[in-house]
Structure formats: structure tokens, C-alpha cells
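Enquirer: Pasting a structure here, questions to come.
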Amino acid sequence: MAHLLITGGAGFIGSHTCLTLLEAGHSLVVIDNFEGSSPEPLHQVAALAGLGPLEQLATGLWGTPDEPRQLLLLQGDIRSSSDLERAFNSSSTAAVEAVLHFAGLKAVAESIAEPLRYWDTNVAGSRCLLQAMATQGCRTLVFSSSATLYGLPDSVPIAESAPVRPINPYGHTKAAVEQMLADLAANQEGWRMARLRYFNPVGAHPSGCLGEAPFGQPSNLFPLINLVAQGQKPCLKIYGLDWPTADGTGVRDYIHVMDLAEGHRAAVQRLMNDPPQLLTLNLGTGKGHSVLELVRVFEKVTGRPVAWEGVERRPGDSACSIADPSLAQEVLGWATSHSLEDMCRDGWRWQVSHPHGY
Ligand code: WQD
């Protein structure tokens, strides 16, 4: 098994992927600046993986107790070359064989309000990481990209060949990092990389011990449905009832976070076994569900009513975004296995046990 560096491993997708990677036998070093998270998810990951509690080490890192330590955690920033050097050299027994890069900012509305902060963290941070990888002689990378970079698609389902046409700063930063990787692949030897374009990640680990814990007010639909169901918010605002869809509400491809984590495990395994290449893969279910469909399934699964009202469309929204996941299925032998009911059940279990996050 491999020693892997996980940037942003304390975040929603990152923490769930860390657990999946540990269960597959890999050892991990996580670097996270805790700007959008905290160490708590990784304490939960260590417990769920049966590795014992994370303890503070003389080096200032945190680590699971048994040598060789399966999980190390460094509070650091990918924009700091010294923090990255510490992360790459954190294990006394193993070199980092591959990097899974989750660290970044991901709220569309926030990116509109603070574009330079998004370009700094998402793009400048990724450049620093790639430079550190080249310096350390590690050229295997899985990048957390997003279907947001497709913008307003001409047609659905969306294949990887669809034009990249981001319509907000967040999407532009994802497209810029993708281009950085393409330039490396085309002009430098030895890079093995996968650009994974997520559709709409939702749900939580079935234990209820890991989940989505957005800092501040969430803007994504699924966390808001949970807050309304729990009574923390009075009513869900549905952005537009007049979309050209079956019931007039927006359609999206919701993917269970555990399926997404498995897609990352499969991708990094494939890269480590294969010659240099640049993969670009959609990670979605290939099935679309409207806002009202999701609300109704959530109510059925949880038994909790979700009050809603129709309001004006949200600027930048599209009517329908659904993945064509066939390339990921072909290349990785990966396919989603969780239903919309599973997403609602697991997400609600997390919400009930952690009403205010970690
Ligand atoms: C889903 C649907 C809304 C909130 C975002 C970002 C990006 C990406 C995926 C990482 C749409 C509707 C929403 C609400 C609503 N993540 N909605 N009322 O916009 O598809 O994508 O998440 O890359 O963060 O692109 O997700 O959950 O915001 O919206 O009616 O209060 O729910 O109009 O149809 P989106 P979302």
C-alpha cells in the first residue's frame, strides 16, 4: 500500500476519502489550514478506521499512536512551501507516492464576492503544491475539480468533452487549475494525474460520525433541506418554479459522498499502477433529480416535513446538470451504488447527531 498526501483532508469530501483510503490500507499525511474545517473530522476518521486516537507529536504534528503511523495531520497551508516540505517529509519510514488535492474554497456566491481570495487559495495554492511535488519528485496527483466549470451546458447528460465554460470565479479557478495540470502533462515527463469533476456531493458516512459541516450559512440545497427539517430554518426557498423541467424546479445529479470517496480511491490506485497520463473524469450518478423530488424523497425517508416556498431564480443557476459518468465507469471500473434514499437517510442521521456540525 502507499503513503499519500491529502490536502484539505479535514473537509467534507476530504475526510470521507481519508477514511476510504485508510480502510484500503494506505497511510496518509493530511495538510489542512482549518480555514473551512477543524481537526475533529480526522479524530473521527482515526476512530472509525480503528487506529486509536490522534495524539500530539514532538514534531508538532498529530498522529495515530502505533508506528508506523497510519494517519498524520499537519496544520498547514498549501501556499507555504515550508509547510508543504514538512508534509512531504513527515513520515520517517515512507515517501509520499501520490497526492490527493482537496484544499480549496468552493462556495459560488462567496467566490463572486471575493474573487481574489479564490484565485489565491485555489490557483496560487495549487501552483505551490505542484511546485513542491516536482521538487519532491512526486508526480502523481488526483485533483478535486467540479462540474461547475461546465457552466450552462448545451445539453445533458454532460460528457467530459463538453466545453469548459465557467460562469463564476469559483468555476474559473477550477478551470485554471485544470489547465495548469494539462500544461504539465503536455510539457513535462512523468506526471500521472486525474481531474475529477464532481457533480453534487451530498449525504454522510453511514455511522453519523462524519458529515458536511459548512462554516457559516450553507448555500447548497441539501444542507438547507436538513436545517429546515430540523427546525433551524423556517422554510426552504426554491429558486425558480418555472424552469424547463418536469416539475419546474432545477435538476441536479446528486452523488453520495461515499461513492465520491470510492471514486478517488479507484483513481489514485489506477494512476499509481499506470504510466504517465492525464485523466479527466465526471463523478456523478448519471441520474437527475429535481429540487421537489429531493424534498419529497427526504420527507419520505425521514418522516420530517420540509416547508418550502418558490422564489426568484438564483443568478448563474442552470435548469439541469446531469453527468455522463460512463468514462469513469470504463476507466476506473467505478460506479455509484448509493440511492437518493441512502443520501437522505445518511445525511439526516448526521444532521440529527450533529445539529451544529462537529
Ligand atoms: C442545487 C439546486 C438550485 C439552494 C453547487 C456549486 C458548487 C458545487 C456543487 C463543488 C439548484 C436549488 C439551492 C436553495 C434551491 N460544489 N436550490 N434553494 O448550484 O448545483 O452547485 O454545488 O464543486 O458548490 O456549483 O448546488 O445545492 O446550490 O443547488 O432551490 O436554497 O437546488 O437552484 O437547482 P449547485 P446547490
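Enquirer: Counting only other residues whose beta carbon sits under 13 Å from that of HIS16, what net charge do I get with K and R as +1, D and E as -1?
Expert: Local net charge: -4.
Enquirer: Which aspartates and glutamates, if any, have their Cα less than 17 Å from the Cα of LYS106, not counting same-chain residues under 8 positions apart?
Expert: Answer for LYS106, where 17 Å is the Cα cut-off: ASP32, GLU35, ASP77, GLU114, ASP120, GLU178, GLU212, ASP317, listed by chain and number.
Enquirer: Could you work out the mean projected area of the convex hull around the alpha carbons of segment 5-74, in square nanometres to one decimal? Kindly include the intermediate steps, with their values, before the conclusion.
Expert: Numbers: hull surface 16.2 nm².
Mean shadow area of the hull around the Cα atoms is 4.0 nm².
Enquirer: Over the chain, average the accessible area per residue using a 1.4 Å probe and give it in Å², no decimals. Don't skip to the answer; put the middle values down first.
Expert: Numbers: 14610 Å² over 358 residues.
Solvent-accessible surface per residue comes out at 41 Å².
Enquirer: Given 0.36 nm per residue, what is the gain on full extension from GLU114 to LYS237 after removing their alpha carbon distance, in nm? Spell out each step's value before the answer.
Expert: Working: separation 123, 0.36 × 123 = 44.28 nm, distance 2.41 nm.
Working it through step by step, the gained length comes to 41.9 nm.
Enquirer: Straight distance only, please: which lysines reach the Cα of LYS300 with their own Cα at less than 25 Å, same-chain residues fewer than 8 apart left out?
Expert: Candidates past the 8-residue exclusion: LYS233, LYS237, LYS287.
Enquirer: Then there's this: In the chain, carbon and sulfur make up what percent of the accessible area (probe 1.4 Å)?
Expert: Working: 7580 of 14610 Å².
That share works out to 52 percent.
Enquirer: How far is helix 125-136 tilted, in degrees, relative to the longest principal axis of the Cα atoms in the chain, given as a value from 0 to 90 rounded to the nearest 10?
Expert: 30
Enquirer: Taking the Cα atoms only, what angle lies between the long axis of helix 12-23 and the longest principal axis of the chain, rounded to 10 degrees?
Expert: 50
Enquirer: Mean-square fluctuation check for the chain, GNM, Cα pairs under 10 Å: which of ARG117, ARG270, ARG314 is largest?
Expert: Of ARG117, ARG270, ARG314, the Gaussian network model singles out ARG314 as fluctuating most.
Enquirer: Expressed as an acute angle from 0 to 90° and rounded to the nearest 10, what is the orientation of the C-alpha long axis of helix 221-230 relative to the principal long axis of the chain?
Expert: 70
Enquirer: While we're looking at this one, here's another question. List the residues of segment 22-64 whose backbone N lies under 17 Å from a point placed 7 Å from the Cα of GLN277 along the Cα-to-Cβ direction.
Expert: So the set is empty, nothing qualifies.
Enquirer: While we're on this one: Throw me the Rg/Rh for segment 298-358, computed over C-alpha atoms with Kirkwood Rh, two decimals. Could you put the intermediate results ahead of the total?
Expert: Values: Rg = 16.4 Å, Rh = 15.2 Å.
Across segment 298-358, the Cα-based Rg/Rh ratio is 1.08.
Enquirer: Let me ask something else about it. For the chain, what are Rg and Dmax over the alpha carbons, in angstrom?
Expert: Here Rg and the maximum Cα pair distance are 19.6, 59 Å.
Enquirer: With every protein chain in place, what's the accessible area of PHE102 (1.4 Å probe, Å², nearest 10)?
Expert: PHE102 has an accessible surface of roughly 30 Å² with all protein chains in place.
Enquirer: Given an 8 Å cut-off on Cα distances and at least 6 residues of separation, report the relative contact order of segment 97-242 as a percent.
Expert: Numbers: 151 pairs, mean separation 35.4, N = 146.
Once divided by the residue count of segment 97-242, the mean separation gives 24 percent.
The values are calculated or read from the model by the stated rules, or taken from the named source; none is laboratory data. Just so it is clear, the model here is predicted, and its values are computed rather than measured. Every residue, glycine as well, gets a Cβ built from its backbone with ideal geometry; the counts of neighbours run over all protein chains shown. With ligands, DNA and RNA removed, areas are computed over all heavy atoms of the protein, side chains included. Shrake-Rupley method; radii C 1.70, N 1.55, O 1.52, S 1.80 Å.
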